[in-house]
Amino acid sequence: MQLVSLLESLPENARSVDVRIAHDTRMILAMKEKAMKEMKEKAVKVMIVIPARLASSRLSEKLLLRAAGKSVLQHTYESASRCGVTDRILVAADDPRIVAEVDSFGGEARLTSVSCRSGTDRIAEIALLHEDVDVFVNVQGDEPEIDPDVIDSVAKLLASRPDASIATAACAIDRLAKLDDPACVKVVMGDEDRAIYFSRAAVPHAREGVTDALLNQYPPVYWQHIGLYAYRRDFLLWFATQRPGRLEQIEKLEQLRAIEAGKTIVVAAVRPSAPGIDTLEDFRAFRERLEGV
């Protein structure tokens, strides 16, 4: 208001000059504000945490299985280390044998509490110890072929979206068998890359049936969720204190706890990636791809 009054008191010939000066000043201030925002985004500190559990219901001690002279866990660690967003990687272990394995290849590991019920709880325990880190990326230990570009995409997406608590990834589904498979978790996408819902069912439901045209529509209608997450530290600490949600317990999908609580999850669209290792057949296929045997 003071600037406007001052300009109105000036002679007409001087007023136009000062209006331009005021306009240019506002533009400069806006540019500085934008630059500061970009600097803050670039300054976001990221840590990758690999929650590693020794026991597994479908494939016992799968993280210690070896292919091409390295454990599954070491392959995962090395793949994650090729990302560009951070060089800080830590394995959150539930067993001393996991810690010993990480030590053997020169990685960093920490033994977490036996009270941790899930990998997310293990990451939250790590987050509690690292106040200097803004974003924690959850890389599953049984993903030896994880694409480091996907890690970068998810971490950068969260850094660019202050409204979001979590970022994750998804790839398009173009096959009916994949869509109907309950082991393939689907994510329904809304505007601005926002996740509306996650389900093991084929959602959204096509009332008149799923056609090839619907499966091949662009932008895609059906998306397969990829279980890689980036979390803000404050969200992680909150999440670890919350009881499992009703929808989470029905679908057995932990991310629904955040959806039920009204938290924003954003999703990076990525290319299909190599599968993780859940079964002995998965491991044999991975070893064959790696060793060619």
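Starting from residues that are assigned to a helix (DSSP H, G or I) and in contact with a Leu (Cβ under 9 Å, 6 or more places away or on another chain), keep the ones in the stretch 250-285 and report whichever is nearest to Arg117 (Cα to Cα). Per the stated criteria, the residue is Arg257. Within the stretch 225-239, being surrounded by 17 or more Cβ atoms within 10 Å (Cβ to Cβ), closer than 17 Å to Lys263 by Cα and either in contact with a His (Cβ under 6 Å, 6 or more places away or on another chain) or not hydrophobic (A, V, I, L, M, F, W, C) (or both) holds for Tyr229, Tyr231, Arg232, Arg233. The residue list Arg243, Arg232, Arg284, Arg257 contains one member that is touching a residue at least 60 places away in the same chain (Cβ under 8 Å), charged (D, E, K, R) and either more than 30 Å from Val72 (Cβ to Cβ) or not assigned by TED's automatic domain parsing to the domain that holds Arg117 (or both), which is Arg232. Please work out which residue is farthest from Lys62 (Cα to Cα), limiting yourself to the stretch 253-279 and to residues that are more than 14 Å from the chain's Cα centre (by Cα) and at pLDDT 95 or above. Going through the qualifying residues, I end up with Gly262. Can you name the residue in the stretch 210-224 that is over 21 Å from the mean Cα position of the chain (by Cα) and in contact (Cβ under 8 Å) with a residue 40 or more places away in the chain and, of all such residues, is surrounded by the most Cβ atoms within 10 Å (Cβ to Cβ)? So, considering only residues that are over 21 Å from the mean Cα position of the chain (by Cα) and in contact (Cβ under 8 Å) with a residue 40 or more places away in the chain, the one surrounded by the most Cβ atoms within 10 Å (Cβ to Cβ) is Leu215.
Scan the stretch 186-211 for residues that are under 17 Å from Ile265 (Cα atoms) and among the aliphatic types (A, V, I, L, M) and the total you get is 5.
Looking across the stretch 240-249, the residues that are surrounded by 17 or more Cβ atoms within 10 Å (Cβ to Cβ) and either touching a strand residue (DSSP E or B) at 6+ places or on another chain (Cβ under 8 Å) or assigned to a loop (DSSP other than H, G, I, E, B) (or both) come down to Ala240, Gly245.
Scanning the stretch 50-66 for residues that are part of a strand (DSSP E or B) and either outside the structural domain of Gly107 (by TED's automatic domain parsing) or over 13 Å from Glu143 (Cα atoms) (or both) yields a count of 1. Given the structure, is Leu214 over 30 Å from Ala67 (Cβ atoms) and touching a helix residue (DSSP H, G or I) at 6+ places or on another chain (Cβ under 8 Å)? For Leu214, the condition - over 30 Å from Ala67 (Cβ atoms) and touching a helix residue (DSSP H, G or I) at 6+ places or on another chain (Cβ under 8 Å) - is not met.
The values are calculated or read from the model by the stated rules, or taken from the named source; none is laboratory data. All values derive from a computational prediction rather than experimental measurement. Glycine gets a Cβ as well: all are built from the backbone with ideal geometry, and neighbour counts include every protein chain shown.
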